Amino acid sequence: MSLIDKPKEIRAGEELDNNALDSYLKQQFPGLQGDINIKQFPDGASNLTYLVAYKNREFILRRPPFGKVAKSAHNMIREAKIMQALKPVYRKIPAILGLHEEGHSTQEVMGCDFYLMEPLVGIIPRKNLPKKLSVTKDQTRQLCTNVIDQLIALHQVDYKKAGLSDLGKGAGYVKRQIDSWSKRYQQAMTTDASSFHQVITWLNDNRPDDVATCIIHNDFRFDNVVLNSKKPLEVIGVLDWEMATLGDPLMDLGNSLAYWVQADDDDFFQALRRQPTHLQGMLTRNEVVDYYLEKTGIHCDDFSFYQVYGLFRLAAIVQQLYYRYFHGQTKDERFADFINVGRYLQQRCLALIVKHDQQEGK
């Protein structure tokens, strides 16, 4: 079994038009040899990722999901342009090789915008590390801090000097996010969904000011980094820049920790795990916060707000995906049980709120 992350056969209903794409690519990249071969990377519930291979060249293709999607979501051109703009100051980003704006082209390829980027050949640390990759407890800890260091490095990029001041609105980010995700959740409500009313009220009542404004990834996880297959503790790439913007760094960290399933978490949360944060040597969520604050010098007495926010935001994302499944806009069976995931995330939010309020004597 190879350590290198490899694509698999395409999921039913997510096939591409091979002939149309082949014709387009051979116009854009003269010299491509042989027949087109397309496979799909199986993980990910948002934008879809494919390996497009020819005899003499390979591309990674990213496109929006099939079916009806929110107008403002899955903006492939924005994602690609963010990556192009960040590449000179944050070298871990794959190079963009081509953009296709469907509405601005005379050639229809697949009925949507998409982009092409260079393949990064390496290990993606998904739910479990590859069986052939043997790491000690100390090495696992080093891998963990190396990944967190990449988030810290991103947050320390001087976006003004890099000419990226128009990447987002900046100041006022915390309030905008609570307002925005509350609205998104409510718009994605189904008849069987939890209301999250208590959680939304608490977030509004306990909302802090922004601690800083910096470039944030907004979906920073182990399964969005690429490791060197020969030196597997080394991060060589960071993927999935769809939601990158200017915002509060602690909100970004809170988003990351919503996916951080540690060894002592309950069985339901363990079943949701998408990254190897349960391994011996991995930092716990509290240790991640302490490490991050120490390395950045940011002051935060209580991280509870950011943890609750991260879980609520994840619940809203889950509910948006379940909404599409509930209304028959996608046939992806992975989304069928997302209603229960949302309910579980609400319970985690409420438990954190109770603990916080008890400590505050409320």
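The values are calculated or read from the model by the stated rules, or taken from the named source; none is laboratory data. Please read all numbers here as calculations on a predicted model, not as lab measurements. In this analysis, Cβ positions are derived from the backbone assuming ideal geometry, glycine residues included, and neighbour counts consider all displayed protein chains. Side chains are part of the model used for accessible areas, which takes the heavy atoms of the whole protein and leaves out ligands, DNA and RNA. Shrake-Rupley method; radii C 1.70, N 1.55, O 1.52, S 1.80 Å.
Any idea what angle helix 338-359 forms with the longest principal axis of the chain, computed on alpha-carbon atoms, 0 to 90 degrees, nearest 10?
30
Given Lys160/Lys295; Lys6/Lys137; Lys87/Lys183; Lys169/Lys355; Lys39/Lys183, which pairs have Cα atoms separated by over 30 Å?
In this structure, Lys87/Lys183; Lys169/Lys355; Lys39/Lys183 exceed 30 Å between Cα atoms.
Can you give me the Kirkwood hydrodynamic radius for region 203-274, using every pair of distinct Cα atoms, in Å to one decimal?
14.3 Å is the Kirkwood radius here.
Rank these by accessible area, largest first, 1.4 Å probe: Val121, Val318.
Val121, Val318
For the chain, take the longest principal axis of its alpha carbons; what is the angle in degrees between that and the long axis of helix 137-155, to the nearest 10 within 0 to 90?
Taking Cα atoms only, the helix is inclined about 80 degrees.
Would you mind computing Rg(Cα) / (2.2 N^0.38 Å) for region 91-134, counting N as its residues?
1.77
How would region 143-284 be classified by its alpha-carbon gyration tensor: rounded, prolate or oblate, with rounded meaning a/c under 1.5 and the a/b versus b/c comparison settling the rest? Walk me through the intermediate numbers first.
Numbers: a/c = 2.07, a/b = 1.13, b/c = 1.83.
Judged from the Cα gyration tensor, region 143-284 comes out oblate (a/c at least 1.5, b/c at or above a/b).
Report, in cubic angstrom per residue, the convex hull volume of the C-alpha atoms of the chain.
Expressed per residue, the convex hull around the Cα atoms of the chain is 147 Å³.
About its Cα centre, how strong a charge dipole does region 278-362 have in debye, to the nearest 20, once Lys and Arg get +1 and Asp and Glu get -1 at the Cβ?
The calculation lands at about 380 debye.
In Å and on Cα atoms, what radius of gyration and Dmax does region 85-199 show?
20.4, 55
First select every other residue whose beta carbon is under 9 angstrom from the beta carbon of Lys39; then total the charges, Lys and Arg +1, Asp and Glu -1.
+1
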